[in-house]
Amino acid sequence: MFFFFGLLTALVTGVFSVHVVQKLCFPYFWKDVLFLMKIIRYGIRLEIFKWTSKVVTVIDTFVQQAERIPSKTFLIYEGVTYTYQDINARSNKVANVFLEQGTIKKGDSVALLMNNEPDFICVWFGLIKLGCSVAFLNTNIRSRSLLHCFNCCGAKTLVVGADLIESLDDILNSLQEDRITVWVMKKESVRTEVKPLLDKIQQASDKPTSPALRATTSLKEPTLYIFTSGTTGLPKAAVITHLQSLKAAGGFWAYGGSQDDVVYIPLPLYHSAASLLGIGGTIVLGATCVLKKKFSASQFWNDCRKYNVTIFQYIGELCRYLCHQPKAEREKEHKLRMGVGNGLRPDVWREFHLRFGDIKMCELYGSTEGNLCFMNHVGKIGAVGRSNVFYKLLFQYDLVRYDMVRDEPVRNRMGFCQHVKRGETGLLLSKVGPTSPFFGYAGSKELTEKKLMRNVFANGDIYFNTGDLMAEDAEDFICFKDRVGDTFRWKGENVATTEVTDVLGLVDFIQEANVYGVEVPGSEGRAGMAAVIVKPEFEFSGKKLFNHVFQELPAYARPLFIRLLESMEMTGTFKQQKFNLVKSGFNPSTICDPLYLLDYSEKSYVPLTDTLYDSILAGEHKL
Ligand SMILES: *[C@@H]1O[C@H](CO)[C@@H](O)[C@H](O)[C@H]1NC(C)=O
C-alpha cells in the first residue's frame, strides 16, 4: 500500500518535474509539436496528390464548399454579402461567357487588371474553371511595365476593372498591335477596341462547366502568375503552381483558424498574401472573409465590430497606421484574435498589444516566388519565424556570411560560403531540390538563374537567394534584419532599384543614377533615394525630373530624395556602391552634397532644408 503511494507520489512528482523542466527549458515544445503535426499532415495530403496524380486544387475545394455549405457567407464587400453559392454561380457565368466566345482555351493565360472587388474573384475562378492560368497585374504600374507583363506570361486576353480602363488609354494602341483582346467590366464600352463583359456575364448561364476542363494531374502546373518587382529591371512574373497555391491556402488552418472565423482582407488581391493566403485560406476553412477595396485605418475597428472579424491580414505599415489613430474608448472591445502578415516591427507590435489587447500576431515569411516559408506560430514579438530540428528537415535553409560593403556573400579560399554563428546575421539561402522546387519566372530563364546561387557549400549544389539578412537566436526564433541587393520595400510594395535607375537614366540631364532605400524614423521599409550625377553641360531641373518620374513610375517607386554627386563609388566587383550612401541617409546637416525632396504641391523636387528635414522626422511632413 505504502509502496503504491510512494510510487504514485514519485510518478506524480516525476511527471510534474518533467513538466516544469519542459516549461522552463522548452517553453514552446507542445506548441511546436502540434504545429509541426499540422504541417506534416498537410504535406502528406499534397504528397498523395502527387502519387495519385489527382490534384484537389483550391478551386476544386471552393466548388466542394459551395456544394457543402451553399448558403454560408463567403464574402462581404461594402456591406453586401455573397454566399459560397453566389460566387460559384457567378464564376460559372464568367466561364460560360468565355466558353461561348471560344477565344480562349484550356492552358491559355489571361491577364487580370482589377482592384479589390467581388468580380476580381469571380473572373479569377471563372477562368481557372476553364483550365486557364491567370496573371494578376499590379494596378499601380504604368504603361511601359504593363506592356512588358504581357510578354512575360504570354497572355492574349486582358480583363480590366471598370475603374481602371482609363489607365490603359496610352497603351490601347500597342495592345491592339500585339493583338491582345481587352475586356472591360462594364455593360457597354465607348471604344470599339474594348469589349464589354458585364452584359454578357449577366445573360450567361450559371451552369457549371465541366470539371474536366480545370482538372490537373500535376502540382507543378502553373495556375497563376503574380508579378513581383524583382531584383532587376521590369516586373517579373513569378510562376505560381498549384503546389504553392495549396501550401499558402493552408496558412490560416495551420495557425488554428476554423470555419467560424471571419477573415479581414484589406490588402490588394493582386499580391499573393491576399489572394493565395487570404482568399485561399478562407476557402480551405469554409470561413467568411471581409474584402476591402482599400485599407482604411479609421474604418478598421468599426468593420471588425460590425462583422465580428476574428482574423486580419496585415503588413507592418497597416499596424503602424492603426497605432497612430487617436485613442478611442472601446479599443479592446472586438473579437479579433489573430493577425497574419509580415513586416511588423517590435515597437509597433508592443504598442499594438497594449492598445488593442491580446491579439496573437503571426508573422509569416516567404516571398511569392520563394521555396521557403517561416511561420511564427507562437506570436513571439520581433520574430518572423520559428525553426527547430524537424523544421530544418522539412525546409533546408542556411544563413551565410555577407559582406555589406562589397554587397555579396563572403566566399572562402575554396570559393564556398560560410555559415554564420548562432545569433549572427547572415544572408538567407534556401536549398533548391525535388522537395523544395523553385519555379522561377515566366518567360525568362535569365532572371530565374539570377535568383539562384550555385556551388554554395559544395560543387553542384543550388540555392535560392532570398536577398534577406536574418539571424537565428538561441531559442530558434528567426528575425528579419535587412534586405540586401537591389530591392527595398516601401508602402508595402517592392521597389526594384534597377527599374527606377533605368527610368531616371532617360532624363536628359542625368549621366548616371544610383537608386537605394533609406530608413526614415517612424516609417516602415525604406524611402527611395537616388544619387545622381548631372551631365557636365547640363543643369539639374527639379521640375523636369518630377514630371518624368510622375509619368513613368508608380507612386511607391518614385525617389523621394535626390542627392547630387560628382562621382560614383564602385564596389570591388564594379557594382555601384550603395552601402555608404544608404548609411549616410538624407540629413542635410551631415551631407554636403545638394539634396532635394519630392514635393507634390510644387510638382517639383525642392531643396531639402534643415527645417524640412526636421518636419519629416517629426512626422509632420508626410512622405
Ligand atoms: C456578431 O456577434 C454578435 C454576438 O455574438 C451577434 O449578436 C451578431 O449578430 C454578430 N454579427 C454578425 C454580423 O454576424
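Residue 525's amide H: which non-local residues (gap 5+, or another chain) put their own amide H closer than 5 Å, with H modeled 1.01 Å from N in plane and none for Pro or chain starts?
It is none; the list stays empty.
Starting at 0 and stepping by 10 Å, how many percent of the alpha carbon pairs of the range 302-413 end up in each bin?
Going out from 0 Å in 10 Å bins, the range 302-413 shows 12, 36, 28, 15, 7, 1, 0 percent.
Taking amide hydrogens as modeled 1.01 Å from N in the peptide plane, which residues meet the under 5 Å criterion relative to residue 312, leaving out close sequence neighbours?
Amide H to amide H, under 5 Å and 5 or more residues apart or across chains, residue 312 pairs with 264, 338, 339, 340.
So what are the three principal axis dimensions of the range 206-288 from its Cα atoms, in whole Å, longest to shortest?
Ordered largest first, the range 206-288 gives principal extents of 44, 33, 26 Å.
In what sequence, largest accessible area first, do 51, 349 appear using a 1.4 Å probe?
51, 349
Pairwise over distinct Cα atoms, reciprocal of the mean inverse distance: report the Kirkwood radius of the range 84-245 in Å, one decimal place.
With all distinct Cα pairs of the range 84-245 included, I get 16.0 Å.
R0 = 45 Å: FRET efficiency of residue 332 with residue 54, Cβ-based, nearest 0.05?
Efficiency for this residue pair is about 0.45.
Please give the per residue volume of the convex hull enclosing the alpha carbon atoms of the range 250-365, rounded to a whole number of Å³.
91
Please give the peptides 529-542, 165-178, 83-96, 138-151 ranked by average Cβ packing (other Cβ atoms within 10 Å per residue), highest first, as a rough proxy for protection.
Going from most to least packed, we get 83-96, 138-151, 529-542, 165-178.
Calculate, for the chain, the solvent-accessible area per residue in square angstrom, rolling a 1.4 angstrom probe over the heavy atoms of the protein chains.
I get 46 Å² per residue for this part.
How big is the Kirkwood radius of the range 487-617, worked out from every pair of different alpha carbons and given in Å to one decimal?
Computed over the range 487-617, the radius equals 14.8 Å.
From the C-alpha gyration tensor of the range 370-483, pull out the three semi-axes of the equivalent ellipsoid (sqrt of 5λ each), sorted largest to smallest, in whole Å.
23, 18, 14
Based on the alpha carbons, how large is the Rg to Rh ratio for the range 178-223 when Rh follows Kirkwood?
Using only Cα positions, Rg/Rh for the range 178-223 is 1.14.
Using a ≥ b ≥ c from the Cα gyration tensor of the range 157-234 (square roots of the eigenvalues), is it rounded, prolate or oblate, where a/c under 1.5 gives rounded and otherwise the larger of a/b and b/c decides, a/b for prolate?
Because a/c hits 1.5 or more and a/b fails to exceed b/c, the range 157-234 counts as oblate.
How much mean residue ellipticity at 222 nm does the chain get from its helices, if each DSSP H run of length 4 or more adds -39500 (n - 2.57) and you divide by all residues, to the nearest 500 deg cm²/dmol?
Result for the chain: -10000 deg cm²/dmol, rounded to the nearest 500.
Would you kindly derive the ³J(HN,Hα) couplings of the range 545-559 from the backbone phi angles with the Karplus curve 6.51 cos²θ - 1.76 cosθ + 1.60 (θ = phi - 60°), listing them in order in whole Hz, with x for Gly and Pro?
5, 4, 4, 5, 5, 5, 5, 9, 10, x, 3, 5, 9, 6, x
Positive end of the charge dipole of the chain (Lys, Arg +1 and Asp, Glu -1 on Cβ, about the Cα centre): tell me which of 503, 545, 368 has its Cα farthest that way.
Farthest towards the positive pole: 368.
From the Cα trace of the range 38-86, what convex hull volume per residue do you get, rounded to a whole Å³?
101
Taking a temperature of 37 °C and a viscosity of 0.692 mPa s, what whole-number D in µm²/s does Stokes-Einstein yield for the range 330-395 with Rh from Kirkwood over alpha carbon pairs?
Estimated via Stokes-Einstein, D reaches 253 µm²/s.
Under 5 Å between amide hydrogens, which residues at least 5 positions from residue 367 or on another chain qualify, with H placed 1.01 Å from N in the peptide plane?
It is 372, by chain and number.
Calculate one ³J(HN,Hα) per residue across the range 48-63 by plugging θ = phi - 60° into the Karplus curve 6.51 cos²θ - 1.76 cosθ + 1.60, and present them in order as whole Hz with x for glycine and proline.
Residue by residue, the range 48-63 yields 4, 3, 5, 6, 8, 6, 10, 9, 8, 7, 4, 5, 4, 4, 4, 4 Hz.
Taking every Cα atom in the chain, find the radius of gyration and the maximum pairwise distance Dmax, and write them in Å.
25.8, 103
The values are calculated or read from the model by the stated rules, or taken from the named source; none is laboratory data. What you are looking at is a predicted structure, and each value in this text was computed from that prediction instead of being measured. We place every Cβ from the backbone using ideal geometry, glycine too, and count neighbours over all the protein chains shown. We work out accessible area using only protein heavy atoms, side chains counted, and drop any ligands, DNA or RNA first. Shrake-Rupley method; radii C 1.70, N 1.55, O 1.52, S 1.80 Å.
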